[in-house]
Amino acid sequence: VQLQASGGGPVQAGGSLRLSCAASGRTFSRGYMGWFRQPPGKEREFVAAIKWGGDGVEYADSVKGRFIVRRDNPENSMYLHMSSLKLEDTAVHYCAARLGGYDISTTAKGYDYWGQGTQVTVSS
């Protein structure tokens, strides 16, 4: 499975941005996909995730009410709609996937595949 993340870039505080993650190499039918981020000088942290089947989603407390994760099953893609961006949202954002499994994991160990990062830089 290959994951391709895109959509990052510079944005002003309070603005919006949409990240995309396209999966190839295998069609998802079960499992989940997620977003993680690594702020400068900090460890990678969970942002959001969505089950590939059903309605299960999870968000980090820091992004609840501001970010929305969606999937497009036919396109084998996942999106992260980010709004009301804050300076502290500046980070390299990664998409990840787990084939199979039922409960969404909020830790990196719960994912088997990772895409390359896309930089989001929020400025004042």
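The values are calculated or read from the model by the stated rules, or taken from the named source; none is laboratory data. Note that this is a predicted model, so its numbers are computed, not measured. All Cβ positions, glycine included, derive from the backbone under ideal geometry; neighbour counts span all protein chains shown. The accessibility values were calculated without ligands, DNA or RNA, using every heavy atom of the protein model including side chains. Shrake-Rupley method; radii C 1.70, N 1.55, O 1.52, S 1.80 Å.
Per-residue extension of 0.36 nm, minus the Cα-Cα distance of K86 and T27, leaves a gain of 17.8 nm for this segment.
Apply the Debye scattering formula to the stretch 32-94, with a single equal point scatterer on each alpha-carbon and no solvent, then give log10 I(q)/I(0) at q = 0.14, 0.16, 0.19 Å⁻¹. For the stretch 32-94, the Cα-only Debye profile gives -0.39, -0.51, -0.70. Give, as a single signed number, the net charge of other residues whose beta carbon lies under 13 Å from the beta carbon of S124, with Lys and Arg counted +1 and Asp and Glu -1. Here the charged neighbours net out to -1. Considering all different alpha carbon pairs of the stretch 62-124, the Kirkwood hydrodynamic radius works out to 13.5 Å. Counting only lysines at least 8 places from K86 when in the same chain, those with an alpha carbon closer than 25 Å to its own are K42, K64. Its residues counted as N, the chain yields a C-alpha radius of gyration over 2.2 N^0.38 Å of 0.97. Apolar share of the accessible surface for the chain: 45 percent from carbon plus sulfur atoms, 1.4 Å probe. Put a plus charge on the Cβ of each Lys and Arg, a minus charge on the Cβ of each Asp and Glu, and nothing anywhere else: the dipole of the chain about its Cα centre is then about 80 debye. Taking a ≥ b ≥ c as the square roots of the eigenvalues of the Cα gyration tensor of the stretch 19-68, is the shape rounded (a/c under 1.5), prolate (a/b larger than b/c) or oblate? Cα axes put the stretch 19-68 in the oblate bin.
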